[in-house]
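None of the figures in this text is laboratory data; all of them are computed from the coordinates on show. Remember, it's a predicted structure, so these values are computed and weren't measured experimentally. Cβ atoms come from the backbone with ideal geometry, glycine included; neighbour counts cover every protein chain shown.
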Amino acid sequence: MAVMSAVPVPLPNINVYSFAAGMNYALGSSQLKDMGDGNFALHAGDVDGNGVIVVSDFNIYATQIAQINVYTGGDINLDRTVTTADFNKYQPNASRIGIAQIRY
């Protein structure tokens, strides 16, 4: 799922803006997932990139299952293979809604 920074980031930016550094780097605490090891990550599963993780994302995954050696929308974990491992990334985030700024 897309994410929006908590503050404007001027471009070109000389310093890397890392969302992994903490929840306060994103606009709202619901945008990032606490990995439990001091790092933060984006929520996986917004296959169509519309800012919500719903059944239409699953449907894209389902039509691409068992494809190998390709990066497709259904390859949620980006290992070039669409398997149940991708579903396992999608499922815990199903029904998650992104902030208004990233939805369309």
Query - Condition met for VAL9 (in a loop (DSSP other than H, G, I, E, B), within 22 Å of ARG103 (Cα to Cα), more than 13 Å from the chain's Cα centre (by Cα) and among the hydrophobic types (A, V, I, L, M, F, W, C)) - result: yes
Report task. Tell me which residues, restricted to region 66-81, are out of contact with any helix residue (DSSP H, G or I) (no Cβ under 6 Å at 6 or more places or on another chain) and either of a type in the set (Phe, Trp, Tyr) or surrounded by fewer than 16 Cβ atoms within 10 Å (Cβ to Cβ) (or both). Result -> ALA66, GLN67, ILE68, ASN69, VAL70, TYR71, LEU78, ASP79, ARG80
Requested in this report: Could you check how many residues of region 18-52 are surrounded by fewer than 16 Cβ atoms within 10 Å (Cβ to Cβ), touching a Lys or Arg at 6+ places or on another chain (Cβ under 9 Å) and of a type in the set (A, V, I, L, M, F, W, C)?
Outcome: 1
Requested in this report: Determine whether region 53-65 contains at least one residue that is out of contact with any helix residue (DSSP H, G or I) (no Cβ under 8 Å at 6 or more places or on another chain), assigned to a loop (DSSP other than H, G, I, E, B), surrounded by 12 or more Cβ atoms within 10 Å (Cβ to Cβ) and not β-branched (Val, Ile, Thr).
Outcome: no
Report summary line: Subset of region 60-102, residues touching a strand residue (DSSP E or B) at 6+ places or on another chain (Cβ under 6 Å) and in contact (Cβ under 8 Å) with a residue 40 or more places away in the chain, comes to ILE97
Query raised in the report: Mind checking which residues of region 12-52 are free of Cβ contacts under 8 Å to residues at least 12 places away in the same chain and part of a loop (DSSP other than H, G, I, E, B)?
Result: PRO12, ASN13, ILE14, ASN15, VAL16, SER18, MET35, GLY36, ASP37, GLY38
